[in-house]
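The values are calculated or read from the model by the stated rules, or taken from the named source; none is laboratory data. Fair warning: this is a prediction, and the values are worked out from it, not measured in the lab. Neighbour counts are summed over all protein chains in view; Cβ atoms, including those assigned to glycine, are modelled from backbone coordinates with ideal geometry.
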Amino acid sequence: MTHTPPAVAIRQLGHCYPGRRRQASRVALERLDLVIPHGAFFVLTGPNGSGKSTLFKILCGLTRPSTGTIHIHGHDLIAHPNQARRDMGVVFQKPALDKHLTVLENFRIHADLYDIPPAVFAQRLHEALPWSDLQTRLNERVETLSGGLARQAELVKVLLHDPRLLILDEPTVGLDPGGRLAFMSTLLRLQKKRGVTILMTSHIFAEAEQADLVAILRQGRLLAMDTPARLTAQLGNEILIVQGEHPEALAAALADHPELHMQIQNHELRIQGQDLLQRMADLLRDHRALVHSLSIKQPTLEDVYIHLTGRALASDEEENHR
């Protein structure tokens with residue numbers, strides 16, 4: 001039986017940025033292992049500074065890794081980069097369209113770069129446009145488009161050379177919530193209709209909720225990888241959020257319930273366990289003066305991150321920017 005290699009196989013990948021002057025070198029990726037099956041929508045998420053952009057640069061050939069291997073559809077990215085990238089389409093974080101040209105002119109330039117014959121270009125454009133909102137905007141200059149439409153144009157452009165793998169680096173940066181939602185819906189439709197494998201980096205956990213597989217990075221290390229449903233299931237069905245001036249005192253008051261898992265984040269006591277409605281009633285009855293508000297929520301991927309690290313995403317991003 002012939003073995004079909006995965007779309008992407010990353011083994012023991014590491015990268016270290018050399019220090020400047022007297023600063024120590026910085027580890028951006030450490031022994032990273034990832035396998036992405038064909039046709040999957042895979043989101044690599046985590047705070048800014050977690051190593052997502054470094055991995056993107058390595059995949060695109062902008063940076064050579066310090067250690068490890070990457071295979072794209074079975075081709076060694078380091079040893080045979082042209083073969084590995086032949087079926088790859090890339091959407092960068094910053095727009096790669098010429099804003100002074102029309103949408104169609106940008107598409108034609110891309111087709112020329114890939115030596116796509118005019119008849120094939122016309123056919124592929126016809127196939128790529130229906131899921132977008134660009135059918136009536138082809139002769140408009142890119143600078144007149146909204147952020148969401150410009151992102152759609154980026155996607156249509158990279159599809160013209162018929163890639164089997166799409167790699168997108170923080171593609172929704174700069175979009176408003178409506179534009180972000182529309183763009184994610186476009187990606188999902190594209191994946192389902194064309195069977196394209198999608199690898200997307202994002203620091204917005206909500207964007208990863210719709211993915212087939214999610215990998216969470218922190219400080220260059222893989223914290224967890226699984227489906228969103230299985231990741232959130234680790235936290236149970238619900239989380240009790242208690243806000244108050246002294247969350248430590250509230251946690252101490254519940255110390256005789258070892259079945260509860262408690263974490264404190266920014267004056268919030270986060271409680272996981274059974275009978276959370278009863279815990280709410282107990283807190284209000286016995287410690288009303290310490291409680292400002294109570295709420296119960298279903299766990300999200302950001303809650304998974306807090307559970308794994310003991311830190312909120314915003315706190316890690318602030319520390320990474322120091």
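Looking at (1) touching an Asp or Glu at 6+ places or on another chain (Cβ under 6 Å); (2) more than 23 Å from Leu188 (Cα to Cα); (3) surrounded by 15 or more Cβ atoms within 10 Å (Cβ to Cβ); (4) not acidic (Asp, Glu), which is the only condition Asn48 fails?
Just one mismatch for Asn48, condition (3).
What number of residues in region 61-89 are crowded, with 19+ Cβ neighbours inside 10 Å and farther than 13 Å from Leu13 by Cα?
Of the residues in region 61-89, 6 are crowded, with 19+ Cβ neighbours inside 10 Å and farther than 13 Å from Leu13 by Cα.
Find the residue count for region 236-253, including only residues that are surrounded by fewer than 19 Cβ atoms within 10 Å (Cβ to Cβ) and touching a residue at least 12 places away in the same chain (Cβ under 8 Å).
Qualifying residue count, region 236-253: 11.
What pairs come up if the first residue lies in region 185-210 and is charged (D, E, K, R), the second is assigned to a helix (DSSP H, G or I), and their beta carbons are under 7 Å apart, counting only those six or more places apart or on different chains?
Glu207/Met184; Glu209/Pro228; Glu209/Leu301
Scan region 188-201 for residues that are modelled with pLDDT under 90 and under 28 Å from Ser50 (Cβ atoms) and jot them down.
Leu188, Leu190, Gln191, listed by residue number.
Show me the helices (runs of 4 or more DSSP H) entirely contained within region 214-308 in which 3 or more residues are under 32 Å from the mean Cα position of the chain (by Cα).
Qualifying helices (runs of 4 or more DSSP H): 228-233.
Could you list, ordered by first residue, the pairs with Cβ atoms under 6 Å in which the first is in region 13-24 and loosely packed, with under 10 Cβ neighbours inside 10 Å and the second is modelled with pLDDT under 85, at least 6 apart or interchain?
Note: pairs meeting the criteria are Pro18/Ser25.
Got a sec? Which of Ser50, Ser132, Ser66, Ser146 is under 30 Å from Val214 (Cβ atoms) and in contact (Cβ under 8 Å) with a residue 60 or more places away in the chain? So that I can check it myself, show each step before the final result.
Numbers: Ser132 fails: in contact (Cβ under 8 Å) with a residue 60 or more places away in the chain; Ser66 fails: in contact (Cβ under 8 Å) with a residue 60 or more places away in the chain; Ser146 fails: in contact (Cβ under 8 Å) with a residue 60 or more places away in the chain.
Going through Ser50, Ser132, Ser66, Ser146 in turn, just one is under 30 Å from Val214 (Cβ atoms) and in contact (Cβ under 8 Å) with a residue 60 or more places away in the chain: Ser50.
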